[in-house]
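What follows is a set of notes on a single structure, which appears directly below.
The values are calculated or read from the model by the stated rules, or taken from the named source; none is laboratory data. Keep in mind it's a predicted model, so treat the numbers as computed, not measured. So basically every Cβ, Gly included, is an ideal-geometry build from the backbone, and we count neighbours across all protein chains shown.
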Amino acid sequence: MVRIKALRIQSHMPSQGPLVVKILVNRPSIGFEDVQDAQEPEVAQVVQLSKDEVSTGKQVPLRFVRFQSVNSVHVSMFHTRWKRLDQTYSPHNSCS
């Protein structure tokens, strides 16, 4: 288990970066339907990103209590500046 204290997403094309990031922890498997309309507390945290945060890769602090004992992380990105991203990033062994 690990503790996660911040998230950093960076793009050289921030105008195409995500606006909303939903983070789920310790869920063995999820589908897009599990996170599409989910809000807190169903997801550990919902993060709204600014264009500046995406272009500079600025760290976004996460809620300490919800990220203390993490075995797995699922990061879903929604709504780019002009189009919808229907992608969920869920790497195996993401906390090694």
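In the condition set (1) at pLDDT 90 or above; (2) outside any loop (DSSP other than H, G, I, E, B); (3) hydrophobic (A, V, I, L, M, F, W, C); (4) under 11 Å from the mean Cα position of the chain (by Cα), Phe78 is compliant with all but (1). Evaluate the range 28-51: report whether one residue or more is surrounded by 11 or more Cβ atoms within 10 Å (Cβ to Cβ), acidic (Asp, Glu) and either modelled with pLDDT of 90 or more or under 13 Å from the mean Cα position of the chain (by Cα) (or both). Checked the range 28-51: at least one residue is surrounded by 11 or more Cβ atoms within 10 Å (Cβ to Cβ), acidic (Asp, Glu) and either modelled with pLDDT of 90 or more or under 13 Å from the mean Cα position of the chain (by Cα) (or both). Residue-level analysis places Gly57 outside the set of residues that are at pLDDT below 90 and either in contact with a strand residue (DSSP E or B) (Cβ under 9 Å, 6 or more places away or on another chain) or not basic (Lys, Arg) (or both). Residues of the range 40-58 that are closer than 22 Å to Asn26 by Cα and not acidic (Asp, Glu): Pro41, Val43, Ala44, Gln45, Val46, Val47, Gln48.
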